[in-house]
Amino acid sequence: METVIRLSAALGIFCIMIGWEYVSPRRIPHLSRKQRWPVNLGLAAFNIAIMRLSLGGIAYLSAVNAANQGYGLLNQWPVPEWLSIIVTLLILDFAIYGQHIVSHKWPLLWRLHQVHHTDLEFDATTALRFHPLEIMISMLYKVLCVVLIGANPWAVIIFEIILNGAATFNHSNINIPPTLDKKLRWLIITPDMHRIHHSTLTAETDSNYGFSISCWDRLCGTYTANPKQPQTTMAIGLEPFREAHELGFLRLLLLPFQALRRR
Ligand SMILES: [Zn+2]
């Protein structure tokens, strides 16, 4: 049931964003959808299948187990449910922000995370482009956080839906008026803010790590407000990987096991 709720919400938000991108795009892509979507959607299907067969639902089950056994911080005291949901959401979001920074700084994790950054365009399907090992490691890390926090099981489901929805939204190639974007950025991460993280310039890639709320980047000094190049023409991707034909489905699966290319 938990998986059905999560996947239905993710699919619904994905369809809305694809429609929005079609009606009001922010950038004119250099590559056609045919050149990128089969790879990104293929990785998504592969990851969903692998997770269903392995660790799918384990974060929620860990939260249920922690509540039943009395593990974790929030299960030590009688905390009102609304408060445990808010605290769980905030701590998990900060934990994922921290994990994203480590994925850029630790070469072993960068080997996996670079797959996400090799996309030469930036749209809702980019949010699906992850190596399966990164998804699995991320899930195990989430389980560790859930058990340490004593996370509220409902909050874990809500968090997964928010994280998925926010990632789909902030990778979308949608046009939001700059004045509205500026206001939204005080609370959430907009596509213009996250696109900077997908710049080919390393200084810009090493900033704007958040996925849903923007305060972590602002508080921790990793916020970049504007890219050096205009949003509509800035180069997306990684400098060592500029050829789309080099970035097929199988090639991306093998990429973490090949020699690291210097950025
Ligand atoms: Zn990243």
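The values are calculated or read from the model by the stated rules, or taken from the named source; none is laboratory data. Since the structure is predicted, the reported quantities are computational estimates derived from the model, not experimental observations. With ideal geometry, Cβ positions are generated from the backbone for all residues, glycine too; neighbour counts draw on all protein chains shown. Only protein heavy atoms, including side chains, enter the accessible area calculation; ligands, DNA and RNA are left aside. Shrake-Rupley method; radii C 1.70, N 1.55, O 1.52, S 1.80 Å.
A quick yes/no check of all residues on (1) open to solvent by 20 Å² or more (accessible area, probe 1.4 Å); (2) within 15 Å of the ligand (Cβ to nearest atom):
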position	(1), (2)
His198	no, yes
Ser207	no, yes
Ser214	no, no
Gly221	yes, no
Ala235	yes, no
Leu238	no, yes
Ala244	yes, no
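If you check Phe169, Phe211, which single one turns out to be out of contact with any Gly (no Cβ under 8 Å at 6 or more places or on another chain), touching a residue at least 24 places away in the same chain (Cβ under 8 Å), within 21 Å of Cys15 (Cβ to Cβ) and part of a loop (DSSP other than H, G, I, E, B)? Outline the logic, then answer.
On the way: Phe169 fails: part of a loop (DSSP other than H, G, I, E, B).
Selected residue: Phe211, the only one of Phe169, Phe211 that is out of contact with any Gly (no Cβ under 8 Å at 6 or more places or on another chain), touching a residue at least 24 places away in the same chain (Cβ under 8 Å), within 21 Å of Cys15 (Cβ to Cβ) and part of a loop (DSSP other than H, G, I, E, B).
Do any residues in region 95-108 that are on the phi < 0 side of the Ramachandran plot and open to solvent by 10 Å² or more (accessible area, probe 1.4 Å) have Cβ atoms under 9 Å from those of residues that are within 11 Å of the ligand (Cβ to nearest atom) and of a type in the set (D, E, K, R), where the two are at least six apart or on different chains, and which pairs are they?
Pairs found: Ile101/Asp206; His104/Asp206; Lys105/Asp206.
Picking from Asn170, Asn175, which residue would you name as being in contact with a strand residue (DSSP E or B) (Cβ under 9 Å, 6 or more places away or on another chain), crowded, with 23+ Cβ neighbours inside 10 Å and either closer than 30 Å to Leu73 by Cα or not charged (D, E, K, R) (or both)? Break it down stepwise before answering.
Details: Asn175 fails: crowded, with 23+ Cβ neighbours inside 10 Å.
Answer to the check: Asn170.
Which pairs turn up if I take residues in region 116-130 that are away from the ligand (no atom under 14 Å from the Cβ) and look for partners that are of a type in the set (Ser, Thr, Tyr) and assigned to a loop (DSSP other than H, G, I, E, B) with beta carbon separation below 9 Å, at least 6 apart in sequence or on another chain?
Close Cβ pairs satisfying both conditions: Asp123/Ser172; Ala124/Ser172.
Can you say whether Thr126 is assigned to a helix (DSSP H, G or I), of a type outside the set (A, V, I, L, M, F, W, C) and at pLDDT 95 or above, as far as the supplied structure shows?
yes
Name, by its number, the condition in (1) in contact with a helix residue (DSSP H, G or I) (Cβ under 6 Å, 6 or more places away or on another chain); (2) buried (at least 21 other Cβ atoms within 10 Å of the Cβ) that does not hold for Gln114.
(1)
Results for (1) aromatic (Phe, Trp, Tyr); (2) within 19 Å of the chain's Cα centre (by Cα); (3) farther than 23 Å from Pro38 by Cβ, shown as yes or no for each residue.
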{"residue": "Arg185", "(1), (2), (3)": "no, yes, yes"}
{"residue": "Asp192", "(1), (2), (3)": "no, yes, yes"}
{"residue": "Leu201", "(1), (2), (3)": "no, no, yes"}
{"residue": "Asn208", "(1), (2), (3)": "no, yes, yes"}
{"residue": "Cys215", "(1), (2), (3)": "no, yes, yes"}
{"residue": "Lys228", "(1), (2), (3)": "no, no, yes"}
{"residue": "Leu238", "(1), (2), (3)": "no, yes, no"}
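Yes or no, residue by residue, for (1) within 14 Å of the ligand (Cβ to nearest atom); (2) basic (Lys, Arg); (3) outside any helix (DSSP H, G or I); (4) within 30 Å of Gln258 (Cα to Cα):
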position: Ala66; (1), (2), (3), (4): no, no, no, no
position: Trp77; (1), (2), (3), (4): no, no, yes, no
position: Leu83; (1), (2), (3), (4): no, no, no, no
position: Thr88; (1), (2), (3), (4): no, no, no, no
position: Ile96; (1), (2), (3), (4): yes, no, no, yes
position: Ile101; (1), (2), (3), (4): yes, no, no, yes
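Hey, can you tell me all the residues within region 114-132 that are within 26 Å of Pro25 (Cα to Cα) and not hydrophobic (A, V, I, L, M, F, W, C)?
The initial filter retains those residues of region 114-132 that are within 26 Å of Pro25 (Cα to Cα), namely 114-130.
Within region 114-132, Gln114, His116, His117, Thr118, Asp119, Glu121, Asp123, Thr125, Thr126, Arg129 meet the criteria.
Here are some residues: Ile85, Ile101, Ile96. Which one is touching a Phe, Trp or Tyr at 6+ places or on another chain (Cβ under 7 Å) and closer than 24 Å to Phe14 by Cα? Working first, answer last.
Numbers: Ile85 fails: closer than 24 Å to Phe14 by Cα; Ile101 fails: closer than 24 Å to Phe14 by Cα.
Result: Ile96 is the single residue among Ile85, Ile101, Ile96 that is touching a Phe, Trp or Tyr at 6+ places or on another chain (Cβ under 7 Å) and closer than 24 Å to Phe14 by Cα.
Which condition does Ile176 not pass, out of (1) among the β-branched types (Val, Ile, Thr); (2) in a loop (DSSP other than H, G, I, E, B); (3) closer than 23 Å to Glu239 by Cβ, if it passes all the others?
The number of the failed condition is (3).
Can you tell me which residue in region 43-65 is nearest to Thr118 (Cα to Cα), limited to those that are open to solvent by less than 20 Å² (accessible area, probe 1.4 Å) and within 19 Å of the chain's Cα centre (by Cα)?
Only one residue tops the list, namely Leu43.
Could you tell me which numbered condition Leu187 fails, if it satisfies all but one of (1) open to solvent by 50 Å² or more (accessible area, probe 1.4 Å); (2) closer than 21 Å to Ile50 by Cβ?
(2)
Does Leu144 satisfy the criteria of being more than 14 Å from the ligand (Cβ to nearest atom), open to solvent by 20 Å² or more (accessible area, probe 1.4 Å) and under 23 Å from Ala203 (Cβ atoms)? Show your work before the answer.
Values: more than 14 Å from the ligand (Cβ to nearest atom): yes; open to solvent by 20 Å² or more (accessible area, probe 1.4 Å): yes; under 23 Å from Ala203 (Cβ atoms): no.
When the stated conditions are applied, Leu144 does not pass them.
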